[in-house]
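The values are calculated or read from the model by the stated rules, or taken from the named source; none is laboratory data. This is a predicted model, so every value here is computed, not measured. As a convention, Cβ positions derive from the backbone with ideal geometry for all residues, glycine included, and neighbour counts pool all protein chains shown.
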Amino acid sequence: MAVTLKDVAERAGVSRSAVSRTFTEGASVSPKTRRKVEKAADELGYRPNALASSLTTGRTKLIGLVSNNFHNPIFLEVFDRFTRGLQERGLRPLLVNLTDETDPEGSLNLLRQYSVDGVIVASSTLPPDFSRAFRNAGIPVVHSFGRQSSTPQVHVVGIDNAECGRMAVRSLAARGYHRIAFLGGPEAATSTQDRLRGFLDEAGRTPEITFSHSFAEAYSFEAGRAEMLRLLDSGSEAEAYFCGDDVLSIGALSAVRGHGLSVPEDIGIIGLNDMEMARWENIDLTTIRQPIPEIIESSIELVVAMLEDPGRFPEARLFPCRIVERGTLRAVP
C-alpha cells in the first residue's frame with residue numbers, strides 16, 4: 001500500500017500537521033522537526049501528493065501551455081524547452097492543442113477547470129486579444145512569440161517580425177537579386193502580416209528591386225511546397241524568395257528541385273527560425289535565426305515572476321535576430 005502522511009508522522013514521532021508543513025513551501029517548521037520528517041520519509045519512500053498539497057497552498061503549480069500549430073516541426077523544440085524549463089522550476093505544464101481554433105473561450109474554460117496558476121500562449125499567429133482573454137479572467141499570462149507592441153496589455157516575448165522582413169530584403173539585395181518575392185504563411189496570421197510589412201517597406205525603398213508576395217495555406221511543408229509549385233507552374237517565379245518560416249522554405253526547396261531547378265543557382269531561398277532541420281546537409285538552409293532558447297527562458301521567467309506578483313505591469317521583451325549563412329543563397333559579391 002502507498003505510504004501515507006500518517007505513516008511518516010508515526011515514524012518521525014511528530015504530528016501529521018508537522019509533516020504537512022515540512023512539505024509545504026513557505027510553511028514554518030523547525031530545523032530539527034524537518035530533519036526528522038525528511039529522514040522518516042526517505043526511509044519509508046514517501047512522496048508528498050501534489051494534488052493534496054494544492055488544497056493546502058491554493059496553488060496547483062500547473063501552467064497552461066497553449067499553441068495552435070503542431071504541423072510545424074519547430075514546435076517540437078519549443079515544447080521540449082518549455083516543458084523542461086517549467087519542470088526544472090517545480091511547475092507542471094498542461095498542454096492545450098488549439099489546432100485551427102482562434103476563439104480563446106474553449107481554452108479558458110478548460111484551464112479554469114484545472115485551476116492553472118498561469119498560462120503561456122506559445123504562438124506567432126494568434127492575435128493579441130487571444131492572450132488578453134486570460135488576463136481579463138484574472139489568470140497570469142505570457143504571450144510567447146507574440147506580436148510586438150509599444151504598449152502591450154499582456155507580457156509579450158518574441159522578435160520584431162517586421163525587422164526580419166527588412167533584413168531578408170537587405171540580404172537579397174546585397175547578393176544582387178533583382179526580382180524577389182515573399183512567400184508567407186497564412187495571410188491572417190499576425191507573424192505573416194508583420195514579416196510582409198517589413199519586406200514591402202524595405203523592398204519599396206530599394207529602386208533596383210521588383211517584388212511580389214503570396215501566401216501558403218499554413219505554416220507547413222506541404223503548404224510551402226504547394227504554393228511554390230503553383231508559382232513555378234504559372235511561370236511567375238522570382239529569382240529569390242524570403243519564406244516566412246523554415247518549414248515553408250523546405251517545402252519550397254522541394255518544389256524547386258522537383259521542377260529540375262537548382263538552389264541557389266536558379267532560385268535563392270532564405271527562411272526564418274533556424275530550426276534543427278534547416279542545418280541538415282541535404283537542406284543547408286540560409287535563414288534568419290530566431291533565438292528560441294532565449295525567448296522561452298524569458299517567458300518562463302516572466303510567468304514565474306507573475307505567480308509572486310500577479311499585478312506586474314505588462315512588458316514586451318524583444319530579442320534580436322541574425323542571418324545564418326548556409327547554401328540556399330548565392331554568395332555576396
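Odds and ends about this structure:
- Some residue of segment 194-201 being surrounded by 19 or more Cβ atoms within 10 Å (Cβ to Cβ), closer than 24 Å to residue 277 by Cβ and over 22 Å from the mean Cα position of the chain (by Cα): yes
- Summed over segment 136-179, residues that are without any contact (Cβ under 8 Å) to a residue 60 or more places away in the chain, closer than 30 Å to residue 266 by Cβ and among the hydroxyl-bearing types (Ser, Thr, Tyr) total 0.
- Residue in segment 304-316 that is part of a helix (DSSP H, G or I), in the same structural domain as residue 235 (by TED's automatic domain parsing), at negative phi and of a type outside the set (D, E, K, R) present: no
- Residue in segment 257-275 that is buried (at least 24 other Cβ atoms within 10 Å of the Cβ), of a type in the set (S, T, N, Q), in contact (Cβ under 8 Å) with a residue 12 or more places away in the chain and not in a helix (DSSP H, G or I) present: yes
- Evaluation of residue 173 against the conditions (1) more than 21 Å from residue 86 (Cβ to Cβ); (2) in the same structural domain as residue 314 (by TED's automatic domain parsing) shows that the sole unmet condition is (2).
- Set 272, 261: member being under 20 Å from the mean Cα position of the chain (by Cα), modelled with pLDDT of 95 or more and assigned by TED's automatic domain parsing to the domain that holds residue 176: 272
- Number of positions in segment 1-16 that are surrounded by 13 or more Cβ atoms within 10 Å (Cβ to Cβ), in a helix (DSSP H, G or I) and either within 35 Å of the chain's Cα centre (by Cα) or modelled with pLDDT of 80 or more (or both): 7
- Qualifying residue in segment 288-295 (condition: farther than 30 Å from residue 115 by Cβ, free of Cβ contacts under 8 Å to residues at least 60 places away in the same chain and not acidic (Asp, Glu)): yes
- Annotation note: of 181, 203, 174, the sole residue that is aliphatic (A, V, I, L, M), at pLDDT 95 or above and closer than 11 Å to residue 239 by Cα is 181.
- Test set (1) among the acidic types (Asp, Glu); (2) under 17 Å from residue 147 (Cβ atoms); (3) part of a helix (DSSP H, G or I) - residue 187 fails condition number: (3)
- Failed condition for residue 70, given (1) surrounded by 16 or more Cβ atoms within 10 Å (Cβ to Cβ); (2) under 24 Å from residue 133 (Cβ atoms); (3) among the aromatic types (Phe, Trp, Tyr); (4) modelled with pLDDT under 90: (1)
- Residue 212 being in a helix (DSSP H, G or I) and among the hydroxyl-bearing types (Ser, Thr, Tyr): no
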